[in-house]
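Shown next, in structure tokens, is the structure this report addresses.
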Amino acid sequence: METFVTAFSEAGALLVSFDADFLSIVGLSLRVSLTAVAIACLIGFPLGTLISLARFPGRGGAVLLLNTFMGMPPVVVGLIVFLLLSRAGPFGVLGLLFTPTAMIIAQTILVTPIVAALTRQTVEDLWAEYGEHLRSLDAGPLTTLSTLIVDARFSLTTAVLAGFGRAIAEVGAVMIIGGNIEHVTRVMTTAIALETSKGNLSTALGLGIVLLALALAVNAAVQLINGSAARRAALA
Amino acid sequence: MMKMQSSILPLDVRRLVFEADSTRLLHDVGFSLQAGKRTVLLGPNGAGKILLLRLCHGLLTPTAGEVSWSGGHERARKHQAMVFQQPVMLRRSVAGNITHALAAHGVPRADRPDRAEAALALAGLSHLARRPARVLSGGEQQRLALARAWATEPQVLFLDEPTASLDPGATRAVETLIEGFHAAGTKIVMATHDLAQARRLADEILFVHKGRLLESADAESFFDRPQTEEALAFVAGELLW
């Protein structure tokens, strides 16, 4: 119990101290995860929409694969990206291993299936409702696509938040790819893992509390942008 | 504006067959629709009325047979609209639902607000323009669906049991709107199983039963002198299945 009490005071101390090392860790966490989520959305929204609307041989397999990839273990993704980026790997010449860029790549691979799979489900449900009306309007592919994505916007924020939650919380991939190098690739989750293994449990827990607060802040911001619950109920 | 365009009517339907899962749902249906008259597809539930509407509108592709519009299919698509039994409400404002349809029809952005406003005024929904469409009552939603269809200036308006889930007051409002469209020169093609509604609105009846077109007649002669046993029973208010 004492650990928890100390943890909260440590968390408080970290937050008010504006310790440069601590801030750089928080900053890198946000930078890596938010960038990964942004790229994943750029790929995942159109990909999910495409799979939900297109009819092609092997579509069932594609959906199955996408849904499976949602649950891909971060360490496995980390390992694969490690092999690809390591000196002997096909992309070794780029020298990206143990850089934030490599961490963004790994997290993008983790998050894209989540965004794409949830987008597919959302758009497919919406198409079941809108399909006849849009076809009755003789809407072209572009109008159809934009109507579905715009009208699914509230549901799609859930996909984005799920992706962000995945990215900011995972430790396996960033640990392998980044290597938890101080001032270079250390993020909140790898710092927590390190402090835990060193036995600094209250510091680790303090970092954990800050991480939670961060996730809370991001979700609250999104909810604010989405508007009131009543508005969402009417439009979602 | 509508009157300057040449008509997409008559609509000729020839030997139409529709099958789903190797069950034949429509058998050799043929008829011709002219401009002016309000056509009502009448028949019990499951007769194939709605199927017929969807095939005419191009939402379904026939297994065999032909649906041909004057001037060709492509041109006809832009001059027809359909209102469904359960109105499809986009997750947008009431006015936004109409401007979306106008945009899909290629109406220039600058013209959309005025045309949306006119359509809403017609349907008595102006005061709700900024409300989310999905919080409207069932009757208001159906009126919005009609206003949205009207805004795109269709020559032919297909209606799929538009009042099936509405109370008498809302039904009357919807029927008044339909009458208004008819008076303005829009061809009305409506499916209903409601005998009283067919009596109120129809100029001509296509009586459909078990996937077959059994009778095609002026409303008056259909109701006075049904030619088939099935129609006789239906007009007499007996339950057909």
Quiz item: B:His193: net charge of surrounding residues, Cβ under 12 Å, Lys/Arg +1, Asp/Glu -1, itself excluded?
Solution: -2
Self-check item: Positive dipole terminus of the protein assembly as shown, leading residue within A:Gly131, B:Gly169, B:Ala103 (C-beta point charges)
Solution: B:Ala103
Quiz prompt | Accessible surface, chain A, averaged per residue in Å² (probe 1.4 Å) | solution = 48 Å²
Quiz prompt | Members of segment B:62-84 that become less accessible by 20 Å² or more once partner protein chains are added (1.4 angstrom probe, chain alone as reference) | solution = B:Arg77, B:Lys78, B:Phe84
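Counting only DSSP beta bridges with both residues in segment B:2-235, what percent are antiparallel, rounded to the nearest 5?
55 percent
Just how large is the dipole of segment A:2-235 about the Cα centre, in debye to the nearest 20, putting +1 at every Lys and Arg Cβ and -1 at every Asp and Glu Cβ?
440 debye
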Exercise. Largest first and to the nearest Å, give the Cα extent of segment A:2-235 along each principal axis.
Key: 64, 51, 25
Quiz prompt | Protein accessible area in chain A, 1.4 Å probe - carbon and sulfur % | solution = 73 percent
Practice problem: Using a 1.4 angstrom probe, figure out how much accessible area segment B:2-235 has per residue, in square angstrom, rounded to the nearest whole. | Solution: 43 Å²
Quiz prompt | Only Lys, Arg (+1) and Asp, Glu (-1) charged, at Cβ; the protein assembly as shown dipole about Cα centre in debye | solution = 800 debye
Exercise. With springs connecting C-alpha atoms under 10 Å apart, model chain B as a Gaussian network and identify which of B:Ser93, B:Ser22, B:Ser70 has the largest mean-square fluctuation.
Key: B:Ser22
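Rounded to the nearest 100 Å², what is the buried accessible area between B and A, both sides summed, probe 1.4 Å?
Using a 1.4 Å probe, the pair buries roughly 1900 Å².
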Self-check item: Highest-MSF residue in chain A out of A:Ser202, A:Ser136, A:Ser24 [GNM, Cα springs under 10 Å]
Solution: A:Ser136
Practice problem: For every other residue with a beta carbon closer than 13 angstrom to the beta carbon of A:Pro113, add +1 if it is Lys or Arg and -1 if Asp or Glu, then tell me the sum. | Solution: +2
Quiz prompt | Sites B:Arg134 and B:Arg199, calculated FRET efficiency, Cβ-Cβ separation with R0 56 Å, nearest 0.05 | solution = 0.95
Quiz prompt | segment B:101-241 - percent of accessible surface contributed by carbon and sulfur, probe 1.4 Å | solution = 50 percent
Exercise. Mind ranking B:170-176, A:216-222, B:62-68 by how tightly packed they are, going by the mean number of other C-beta atoms within 10 angstrom, highest first?
Key: B:170-176, B:62-68, A:216-222
Quiz prompt | Using θ = phi - 60° and Karplus 6.51 cos²θ - 1.76 cosθ + 1.60, couplings along segment B:110-116 (whole Hz; Gly, Pro as x) | solution = 5, 8, 5, x, 5, 5, 5
Exercise. Grab the DSSP H runs of chain A that are 4 residues or longer, score each as -39,500 (n - 2.57), total them, divide by all residues and round the 222 nm result to the nearest 500 deg cm²/dmol.
Key: -27000 deg cm²/dmol
Quiz prompt | Whole-number percent relative contact order across chain B, with pairs defined as alpha carbons under 8 Å at least 6 apart | solution = 27 percent
Quiz item: What per residue convex hull volume, in Å³, do the alpha-carbon atoms of segment B:2-235 yield?
Solution: 123 Å³
Quiz item: Where Lys and Arg each count +1 and Asp and Glu each count -1, what net charge lies around B:Ala116 among other residues with Cβ under 15 Å from its Cβ?
Solution: +4
Quiz item: How high is the FRET efficiency from B:Arg109 to B:Gln34, r the C-beta distance, R0 45 Å, rounded to 0.05?
Solution: 0.80
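Would you mind getting the Kirkwood hydrodynamic radius of the protein assembly as shown from its Cα pairs, rounded to one decimal in Å?
For the protein assembly as shown, inverting the mean 1/r across all distinct Cα pairs yields 26.4 Å.
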Practice problem: Considering only A:Thr68, A:Thr190, A:Thr158, give the residue with the highest GNM mean-square fluctuation for chain A, with springs between Cα atoms whenever their separation is below 10 Å. | Solution: A:Thr68
Quiz item: Which FRET efficiency value, to the nearest 0.05, is calculated for A:Leu34 and B:Ala118 with the Förster distance at 45 angstrom and r the Cβ-Cβ distance?
Solution: 0.50
Quiz prompt | All lysines inside 24 Å of B:Lys37 as judged from Cα atoms, apart from same-chain residues fewer than 8 positions distant | solution = B:Lys3, B:Lys49, B:Lys78, B:Lys187
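Using only atoms on other chains, find how many Cβ atoms lie within 10 Å of each Cβ of peptide A:34-43 and report the average.
That works out to 0 on average.
Give me a single rounded figure for B:93-105: the average over its residues of other chain Cβ atoms within 10 Å of their Cβ.
Averaged over the peptide's residues, the number is 3.
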Practice problem: Name the residues whose placed amide hydrogens come within less than 5 Å of the amide hydrogen of B:Glu215, ignoring near sequence neighbours (fewer than 5 apart) on the same chain. | Solution: B:Phe207
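The values are calculated or read from the model by the stated rules, or taken from the named source; none is laboratory data. None of the values given here were measured: they were computed from a predicted structure. As a convention, Cβ positions derive from the backbone with ideal geometry for all residues, glycine included, and neighbour counts pool all protein chains shown. Each accessible area value is taken on the protein alone, full model and side chains, heavy atoms only, with ligands, DNA and RNA left out. Shrake-Rupley method; radii C 1.70, N 1.55, O 1.52, S 1.80 Å.
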